[in-house]
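The values are calculated or read from the model by the stated rules, or taken from the named source; none is laboratory data. Everything quoted here is computed from the prediction, not taken from an experiment. FYI the Cβ positions are ideal-geometry reconstructions off the backbone, even for glycines, and counts take in every protein chain you see.
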């Protein structure tokens, strides 16, 4: 049997979901099955979880938007923007009864959703992957003790997170998923393959923090950062919270190699309540995410539009205070 697993690429939760799903399938009787991992994203040039990818005997989508294809066998997601239309949601609901289609927006990570479904629905206890599940949930929910911990890369596992975010394409997942299935998380994080990839990223991370500090603009309770003057490899999620711990929201617009991207986030360390669903704002512009974090990708030619949208979102998030006053 051959599985094709479409999962969120360049994302630690997407990688971890693929690991946990693969182990679950093996425990459910597919011990001799082969697995092909296809990484998906929302940016220009990134693969989508489309029907043409579903060439396996079993096909799965993990941590990514639903596709109503009849070839889809398994589905796990936790994003509020999982369904592109009411029609897609209706197809999902009709197939939920098969016992292989799962969605729960209350979950902080797709990895934890798969692990819990494995235990509660199928009686499969994946205790050897508990550390991976814990870290995927921590990273995807930003439940760090402080914003400094979220930004720090002292931990080998946080270095692995950076490596996944930069290098996490099909070829990378093909190599790393089997490693995480047979070796402990920290051992993989300390492996030569990961350490060598991280070395240049450490200095890039330091330069990114310096750029954010230089380009940050405070708009009331919002930190707005425009990093579109030169190409970035990724957009960091938590740097503004460490630099501006009393800020409630951040809006960062950066220019990636595939085009501009806006990252929007809520600062859980601000001491102020979340009063806006960020995923709903991002969905308005074709993006998605969670109530506390979301993103929007644009074509390369839409740089001016991305800047305009980012500024508009920052104004809107700050306007919540003015509107409540």
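Some observations on this one:
- Only one of the numbered conditions (1) within 25 Å of residue 171 (Cα to Cα); (2) surrounded by fewer than 19 Cβ atoms within 10 Å (Cβ to Cβ) is violated by residue 53, and that is (2).
So that you can scan it fast, the table gives a plain yes or no per residue for (1) more than 27 Å from residue 78 (Cβ to Cβ); (2) surrounded by fewer than 23 Cβ atoms within 10 Å (Cβ to Cβ):
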site: 259; (1), (2): no, yes
site: 263; (1), (2): no, no
site: 274; (1), (2): no, yes
site: 291; (1), (2): no, yes
site: 298; (1), (2): no, no
site: 303; (1), (2): yes, yes
site: 314; (1), (2): no, no
site: 317; (1), (2): no, no
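- The sole residue among 34, 69, 22 that is without any contact (Cβ under 8 Å) to a residue 40 or more places away in the chain, closer than 16 Å to residue 4 by Cβ and in contact with a strand residue (DSSP E or B) (Cβ under 7 Å, 6 or more places away or on another chain) is 34.
- Selection within region 128-152 - modelled with pLDDT of 95 or more and farther than 26 Å from residue 82 by Cβ: 128, 131
- Failed item, numbered, when residue 107 is tested on (1) out of contact with any strand residue (DSSP E or B) (no Cβ under 7 Å at 6 or more places or on another chain); (2) closer than 22 Å to residue 9 by Cα; (3) in contact (Cβ under 8 Å) with a residue 60 or more places away in the chain: (3)
- Selected residue (criterion: nearest to residue 242 (Cα to Cα)) from residues of region 151-171 that are assigned to a helix (DSSP H, G or I) and without any contact (Cβ under 8 Å) to a residue 24 or more places away in the chain: 158
- Of everything listed in (1) over 26 Å from residue 299 (Cβ atoms); (2) assigned by TED's automatic domain parsing to the domain that holds residue 315; (3) at pLDDT below 95; (4) surrounded by 19 or more Cβ atoms within 10 Å (Cβ to Cβ), the single unmet condition for residue 247 is (3).
- All positions within region 149-203 that are touching a helix residue (DSSP H, G or I) at 6+ places or on another chain (Cβ under 8 Å), exposed (fewer than 14 other Cβ atoms within 10 Å of the Cβ) and closer than 15 Å to residue 19 by Cα: 175, 184
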